[in-house]
Amino acid sequence: CQQLVVEGEHKGDWGRLNKHDGVPLLDIGMTQIGFHEELRAILEAYVMPMQEALLPGLEGLFRKHYMVRYRAEEQSSVSPHKDNSTITVNVALNRPGQDFEGGGVQFEEWRIPLLHPATCRVNDTKIGWLLMHPGLLAHEGLRVTKGTRYIMVSLVQP
């Protein structure tokens with residue numbers, strides 16, 4: 001994960017917002033930094049077996065891979081949105097509380113009115129931790145208030 005961040009900063013063109021399914025993100029593609037094939041091997045070896053165990057019969061095709069950078073003075077968050085994917089895989093590439101403050105992901109639709117009115121927020125991760133969720137579940141990237149947060153995202157579409 002640390003090497004991926006180093007390569008992303010060294011080789012990446014972070015100067016423009018890209019749109020992924022209508023969502024503007026300051027990101028770079030894995031092919032841009034020469035990591036696409038390695039990433040595909042990692043996803044096939046580790047992520048696909050989890051996906052198949054959780055969702056039997058869903059054989060996924062990873063169609064997009066990119067790294068997102070959040071900084072307080074740049075793009076510090078992403079507004080609520082849905083991904084055009086069956087499954088979205090999000091990997092933490094650096095350390096909350098040390099490399100950045102704030103950040104995380106929040107799921108707006110993960111509430112059960114009257115029973116549990118709170119939203120689901122994931123913001124205490126470790127390097128390499130993977131979060132897998134349905135792409136059509138509304139979510140947002142929470143605001144980074146200090147430092148730089150990096151995540152890697154892969155979209156799965158059968």
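So the values come out like this:
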item	result
Residue match in region 2-16 (condition: among the charged types (D, E, K, R) and touching a residue at least 60 places away in the same chain (Cβ under 8 Å))	no
Residue in region 72-80 that is on the phi > 0 side of the Ramachandran plot and either in a loop (DSSP other than H, G, I, E, B) or free of Cβ contacts under 8 Å to residues at least 60 places away in the same chain (or both) present	no
Every pair of residues 6+ apart whose Cβ atoms lie under 8 Å, when the first sits in region 17-30 and is open to solvent by less than 10 Å² (accessible area, probe 1.4 Å) and of a type outside the set (S, T, N, Q) while the second is modelled with pLDDT of 85 or more and not in a strand (DSSP E or B)	I28/G8
Any hit, region 142-151, residues being touching an Asp or Glu at 6+ places or on another chain (Cβ under 6 Å), more than 27 Å from Q3 (Cβ to Cβ) and at pLDDT 90 or above	no
Positions within region 41-71 being open to solvent by 20 Å² or more (accessible area, probe 1.4 Å), in contact (Cβ under 8 Å) with a residue 24 or more places away in the chain and among the aliphatic types (A, V, I, L, M), in sequence order	M50, L54, L55, L58, L61
Hey, G8 small (G, A, S), at negative phi, outside any strand (DSSP E or B) and under 17 Å from the mean Cα position of the chain (by Cα) or not	yes
Qualifying positions in region 81-94 - open to solvent by less than 80 Å² (accessible area, probe 1.4 Å), in a loop (DSSP other than H, G, I, E, B) and more than 17 Å from Y150 (Cα to Cα)	D83, S85, T86
Hits in region 11-32 - residues which are within 25 Å of S79 (Cβ to Cβ) and outside any loop (DSSP other than H, G, I, E, B)	L17, N18, K19, H20, V23, P24, L25, L26, D27, I28, G29
Some residue of region 106-114 being assigned to a strand (DSSP E or B) and either touching a Ser or Thr at 6+ places or on another chain (Cβ under 9 Å) or modelled with pLDDT of 90 or more (or both)	yes
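The values are calculated or read from the model by the stated rules, or taken from the named source; none is laboratory data. Note that the structure is predicted; figures quoted are calculated from it, not measured. Cβ coordinates were reconstructed from backbone atoms using ideal geometry, including for glycine residues, and neighbour counts include every protein chain displayed. Ligands, DNA and RNA are excluded from the accessible area calculation, which covers all protein heavy atoms including side chains. Shrake-Rupley method; radii C 1.70, N 1.55, O 1.52, S 1.80 Å.
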